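Participant: Have a look at the structure that comes next, please.
The values are calculated or read from the model by the stated rules, or taken from the named source; none is laboratory data. Here the structure is a predicted model, which means the values were calculated and not measured. Using ideal geometry, Cβ is built from the backbone for each residue, glycine included, and neighbour counts are taken over all protein chains shown.
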Amino acid sequence: MNGSSGTVRRVAPRPRLSPHSRLVMVERVLGGQSPTAVAAQMGCSRQTVHKWVKRFAAEGAAGLEDRSCRPRSSPARTPAGVEKRICALRRRRRWGPARIGAALGVDGSTVHRVLCRHGLNRLSWIDRPTGQRVRRYEKAHPGELVHVDVKKVAKVPPGGGWRIHGRGSPKAKPKRRTRRGYTYLHVAVDDHSRVAYVEAHDNERAVTAAGFWRNARDWFDKLNVGIDAVMTDNAKNFTSTAFAEALAENRTTHRLTRPYRPQTNGKVERFNRTLAEEFLYSYKFRSEPDRRRRLQAWVHTYNLHRHHTAIGDTPASRVNNLCGHYT
């Protein structure tokens with residue numbers, strides 16, 4: 001009972017007898033005791049004793065497990081045709097339960113139950129191009145699969161850009177006419193633990209990508225993590241001979257994403273988004289060397305101290321040796 005409101009909280013009913021208790025009951029009856037005596041011992045009726053004895057005789061120990069209380073038929077359930085239209089609107093228009101209900105003349109709570117039943121109650125679970133439910137996966141141990149990608153960002157001009165001086169300021173305007181070039185952030189993210197290794201380079205050529213992978217592989221080796229497979233997109237630097245030779249040195253399998261489907265390499269794409277939101281666009285850098293120097297400090301924080309919602313802890317919690325050998 002809730003003391004503040006005086007209302008009684010309803011609790012879902014649970015069976016008094018567990019499968020173990022039912023087995024004890026059956027064993028006592030088969031051992032020669034009468035059903036009446038066993039019922040008194042177990043605190044139930046004779047009919048209950050007879051029910052479990054008959055079920056044990058027909059199905060064995062598996063028959064003593066709990067069964068679903070769901071009825072064989074549900075006449076009041078939303079018709080299949082309406083459910084199909086609800087799911088179609090969700091995939092095509094990305095509408096919420098209220099708008100779908102208004103369009104189809106169905107209560108919003110009913111629409112929500114239908115979406116939950118079909119796994120469409122969260123828009124983040126729906127693939128935007130196809131409207132199909134996203135199939136998420138996670139490898140069983142560190143090193144089973146590492147996602148690799150390159151993120152291209154503009155270089156920070158000497159003295160800082162508009163984030164330091166403000167948009168339209170005299171110091172920021174001249175720098176717009178100067179061609180600064182780009183920094184290429186080479187990223188490797190472990191599928192299971194989400195620990196990340198990042199290097200900043202001036203290009204994304206095949207030789208650079210191969211050298212980055214060798215450094216990343218050595219870094220994972222220090223964590224006692226052996227790499228089984230690497231997943232990349234179909235860019236020329238990753239499909240090159242130089243990158244293939246770097247992978248072959250440790251017999252690492254190379255997996256390519258489907259063309260025009262960055263979602264296949266989603267974990268590294270999500271890391272790139274975190275990198276942009278929490279580092280690239282959240283700090284004010286005085287120069288490109290200043291940003292590159294502070295990058296490693298941020299990656300250290302990400303690996304060891306930042307709570308990762310997908311795993312419920314820090315990435316370091318899934319790699320036993322990370323804290324002692326982080327470089």
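Participant: How about region 277-294: which of its residues are part of a helix (DSSP H, G or I) and either in contact with a helix residue (DSSP H, G or I) (Cβ under 6 Å, 6 or more places away or on another chain) or at pLDDT 95 or above (or both)?
Facilitator: Phe279
Participant: If the requirement is being surrounded by 11 or more Cβ atoms within 10 Å (Cβ to Cβ), within 35 Å of the chain's Cα centre (by Cα) and not polar (S, T, N, Q), which of these qualifies: Lys84, Lys54?
Facilitator: Lys84
Participant: Quick check on this structure: which one of Lys222, Lys236 is basic (Lys, Arg), surrounded by fewer than 15 Cβ atoms within 10 Å (Cβ to Cβ) and within 23 Å of Val153 (Cα to Cα)?
Facilitator: The unique qualifying residue is Lys236.
Participant: Moving on to the next point. Could you please find all residues in region 20-55 being among the small types (Gly, Ala, Ser) and on the phi < 0 side of the Ramachandran plot?
Facilitator: Hits for region 20-55 are Ser21, Gly31, Ser34, Ala37, Ala39, Ala40, Ser45.
Participant: Quick one: is Gly211 in the same structural domain as Thr239 (by TED's automatic domain parsing), out of contact with any His (no Cβ under 8 Å at 6 or more places or on another chain), assigned to a loop (DSSP other than H, G, I, E, B) and surrounded by fewer than 22 Cβ atoms within 10 Å (Cβ to Cβ)?
Facilitator: Considered against the rule, which asks whether it is in the same structural domain as Thr239 (by TED's automatic domain parsing), out of contact with any His (no Cβ under 8 Å at 6 or more places or on another chain), assigned to a loop (DSSP other than H, G, I, E, B) and surrounded by fewer than 22 Cβ atoms within 10 Å (Cβ to Cβ), Gly211 comes out as no.
Participant: Give the residue, chosen from Leu104, Leu89, Leu115, Leu123, that is in contact with a Phe, Trp or Tyr (Cβ under 6 Å, 6 or more places away or on another chain), over 30 Å from Val24 (Cβ atoms) and not hydroxyl-bearing (Ser, Thr, Tyr).
Facilitator: Within the list Leu104, Leu89, Leu115, Leu123, the selection yields Leu89.
For (1) of a type outside the set (D, E, K, R); (2) part of a helix (DSSP H, G or I); (3) in the same structural domain as Arg293 (by TED's automatic domain parsing); (4) surrounded by 14 or more Cβ atoms within 10 Å (Cβ to Cβ), each residue gets a yes or a no:
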position: Asp218; (1), (2), (3), (4): no, yes, yes, no
position: Met231; (1), (2), (3), (4): yes, no, yes, yes
position: Phe243; (1), (2), (3), (4): yes, yes, yes, yes
position: Arg251; (1), (2), (3), (4): no, no, yes, no
position: Thr264; (1), (2), (3), (4): yes, yes, yes, yes
position: Leu275; (1), (2), (3), (4): yes, yes, yes, yes
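Participant: Another question about this same structure. Collect the residues in region 79-126 that are in contact with an Asp or Glu (Cβ under 8 Å, 6 or more places away or on another chain) and touching a residue at least 24 places away in the same chain (Cβ under 8 Å), keeping them in residue-number order.
Facilitator: The answer is Val114, Arg117, His118.
Participant: Next question. Between Thr253, Thr264, which is within 21 Å of the chain's Cα centre (by Cα) and touching a residue at least 12 places away in the same chain (Cβ under 8 Å)?
Facilitator: Result: Thr264 is the single residue among Thr253, Thr264 that is within 21 Å of the chain's Cα centre (by Cα) and touching a residue at least 12 places away in the same chain (Cβ under 8 Å).
Participant: Restricting attention to region 216-224, does a residue exist that is of a type in the set (S, T, N, Q) and at pLDDT below 95?
Facilitator: Yes, region 216-224 has at least one match.
Participant: Looking at the structure I just gave you, is Tyr184 surrounded by 22 or more Cβ atoms within 10 Å (Cβ to Cβ), assigned by TED's automatic domain parsing to the domain that holds Ala310 and closer than 27 Å to Glu288 by Cα?
Facilitator: No: the conditions fail for Tyr184.
Participant: Can Thr130 be described as assigned to a loop (DSSP other than H, G, I, E, B) and either polar (S, T, N, Q) or at pLDDT below 65 (or both)?
Facilitator: In short, yes.
Participant: Would you confirm, using the coordinates I've provided, whether Pro158 is modelled with pLDDT under 95 and touching a His at 6+ places or on another chain (Cβ under 6 Å)?
Facilitator: Against the criterion (modelled with pLDDT under 95 and touching a His at 6+ places or on another chain (Cβ under 6 Å)), Pro158 does not qualify.
Participant: Now, a different point. Of the residues Thr36, Thr78, only one is of a type in the set (S, T, N, Q) and part of a helix (DSSP H, G or I); which?
Facilitator: Exactly one residue qualifies, and that residue is Thr36.
Participant: Of all residues in region 310-326 being in a loop (DSSP other than H, G, I, E, B) and either at pLDDT 85 or above or of a type in the set (Asp, Glu) (or both), which is nearest to Leu223 (Cα to Cα)?
Facilitator: That would be Val319.
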